[in-house]
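S.K.: Below you will find the structure I want to go over with you.
The values are calculated or read from the model by the stated rules, or taken from the named source; none is laboratory data. Bear in mind the structure is a predicted one, so any value in this text is a computation, not a measurement. Counting neighbours? That spans all protein chains shown, and the Cβs are built from the backbone with ideal geometry, glycine included.
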C-alpha cells in the first residue's frame, strides 16, 4: 500500500448552526406557498432593522413583520436568532473576496485594510454589539482575513504570526468602533433629554465636554498630579479635540510600529 493510499479520509466536522448553511453543509429552506421569502431576504431585512434601530431591535418576529410573513415561516429558512446573527455578520462583509489592497509594502496595505474594517463597523454599528465567543468563520469574514494575512507577504512572518497580528488589529478596531458607537448613543440620549427638559427645544450642548474639561472640574493637583498637569496644560482647551478618526489612525500606527519590530526580529532569527 502506498503512502498516499494509507492516508485516512478527512473527517467532516459538524458545523454550528448558521455556518453549516453558509458553507453549503445544510440545504436552504424550500420556498413556501408564498413566493419572495428566502434566507437572503430575511438577512437583508434584519440588517436594515439593525442599521436603523440597533441590534436589540432585531428579533424573528420583527423581521417577519418587516417582510409581511408570519414568524413561523421564517424558521423554514433560518433556524434561530443566533443563526440569523451569523448570517448578518457574513452579509456585513459582502464583497470581501474582491478586495485588492494597494500600496508599497505591508504597512501601506494594512493601513488600507484596517480602515476598511472600521468603515464597515461604522456603517453597521450593530456589529460592535454582536456576541463574539469565537473568531468569525463565515465565508466573507474569512475572505477579509485572508486579504489581511496576504498583506504580510515578503515580511517573513509565518502564518501563525500573521493571524495573531490580524487578530490584534481587529480587536483594536472593534474596541474603537464600539467606543465611538457608545459615545454617539450617549450624545443622542443627551440631546433627547435636553429636548424633553426644554419642552421640545434641544437643550443639549453641541458636543460632550472634553476629557480635559471634565478633569479640571473634578480633580485636584495633590491627589492627581499627572492628570492635573494634563488638564491645565497650555494647549488643553485651546483647540478642537482630535477627530475620532485621527485618534484611531494614531493608535493603528503605534500598533504597526510594534509589528515592524516583530518583523525585524523574525528576519534576524537564525
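S.K.: Hey, which of the helices (runs of 4 or more DSSP H) in segment 22-124, taking only ones fully inside, have at least 3 residues that are in contact with a helix residue (DSSP H, G or I) (Cβ under 9 Å, 6 or more places away or on another chain) and crowded, with 17+ Cβ neighbours inside 10 Å?
M.R.: Qualifying helices (runs of 4 or more DSSP H): 39-53, 60-67, 81-92, 106-123.
S.K.: Within segment 126-147, can you find the residues that are farther than 13 Å from residue 93 by Cα and part of a helix (DSSP H, G or I)?
M.R.: 126, 128, 129
S.K.: Any residue in segment 128-154 that's over 24 Å from residue 260 (Cβ atoms) and outside the structural domain of residue 24 (by TED's automatic domain parsing): show its pairings with residues that are at pLDDT below 85 and surrounded by fewer than 17 Cβ atoms within 10 Å (Cβ to Cβ) at Cβ separation under 8 Å, as long as the two are six or more apart or on different chains.
M.R.: What qualifies is 139/23.
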